[in-house]
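The values are calculated or read from the model by the stated rules, or taken from the named source; none is laboratory data. What you are looking at is a predicted structure, and each value in this text was computed from that prediction instead of being measured. Cβ: placed from backbone, ideal geometry, glycine included. Neighbour counts: every protein chain shown. What goes into the accessible areas is simple: the full protein's heavy atoms, side chains included, and nothing from ligands, DNA or RNA. Shrake-Rupley method; radii C 1.70, N 1.55, O 1.52, S 1.80 Å.
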Amino acid sequence: MGKITIKDKTFKPYISAEELQTSISKVANEINTHYIGKSPIFIGVLNGSFMFMSDLLKEINLQCMVSFVKLASYEGTTTTGKVNELIGLNEDIEGQDIILVEDIVDTGNTLVKLYEILQNKKVNSIKIASLLFKPEAYHKPYPIDYIGKEIPNAFVLGYGLDYDGYGRNLSSIYVLDEQ
Ligand code: IMP
């Protein structure tokens, strides 16, 4: 695995496909154990979570549903300013156990908005599963329940994560080469 260049930036190999699969198996085992006898709904946050969701769900042995959402932000007509809307969720999730599936939690801003929207839908529980987590950047109150791997504050690419829309198709993770 060599370096790759996307537009103006160069990235170097960081987490191999094998290591990713090991981290994903660990997360799947935790979820399988914690949800025995339950039937959760996995909700993936697009676009970044599609690869993680796919590999994670192959190792989930629960009876479960899968859905994907996008967070759309637009200027509201009231004085409250920005309004966040969840698009793509067609299932009735009232009373359900939700597992939010994220590619990466960085500042957690996205997560907090999603969490609050879902809470308002009177769900039974919400847990968060993220392939990658940047603990140094995260100062929000919600715990990240299932973490594939913690990473330092660096910009990463691949396995669903993009730089300016590109690189999502890479099967391993690369990190920005600062040199
Ligand atoms: P947050 O709201 O700061 O936690 O980040 C939300 C989104 O930003 C993630 O779901 C990613 O799509 C994107 N993001 C955050 N950090 C990175 C990164 O290092 N590389 C690529 N995308 C990132």
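Worth pointing out:
- Average 1/r across all pairs of distinct alpha carbons in the chain, invert it, and you get the Kirkwood radius: 17.1 Å.
- Lysine pairs meeting the criterion (Cα under 21 Å, 8 or more apart or interchain), as found in segment 80-140: 10
- Of the trypsin sites (Lys or Arg not before Pro) found in segment 63-166, the ones in coil according to DSSP and having at most 11 other Cβ atoms within 10 Å of their Cβ are Lys122.
- Length, then width, then depth: along the principal axes, the Cα atoms of segment 1-63 run 49, 23, 14 Å.
- Scanning the chain for long hydrophobic helices, with DSSP H runs required to stretch 15 angstrom or more by C-alpha along their axis and to average at least 0.0 on the Kyte-Doolittle scale, returns 109-119.
- Largest to smallest accessible area among Met51, Met1 [probe 1.4 Å]: Met1, Met51
- Sequence-separation-based contact order of segment 25-105, relative, with Cα cut under 8 Å and 6+ spacing, percent: 38
- Accessible surface of segment 100-179, 1.4 Å probe: 44 percent of it comes from carbon and sulfur atoms.
- Whether segment 79-161 is rounded, prolate or oblate, judged on the alpha carbon gyration tensor where a/c under 1.5 counts as rounded: prolate
- Net length gained if the chain between Val112 and Phe155 were fully extended (0.36 nm per residue, minus Cα distance): 13.4 nm
- Pairs of Cα atoms nearer than 8 Å and 6+ residues apart set the relative contact order; for the chain it is 25 percent.
- Both radii come from the Cα set of segment 31-134: Rg as radius of gyration, Rh as Kirkwood radius; their ratio Rg/Rh reads 0.98.
- Two-site FRET efficiency, Thr5 against Glu94, from Cβ-Cβ distance with R₀ of 35 Å, rounded to 0.05: 0.15
- Gyration tensor (alpha-carbon) shape descriptor, segment 34-94, a/c threshold 1.5: prolate
- If the chain linking Lys121 and Ser73 were pulled fully straight, counting 0.36 nm for each residue of separation and taking away their Cα-Cα distance, it would gain 15.4 nm.
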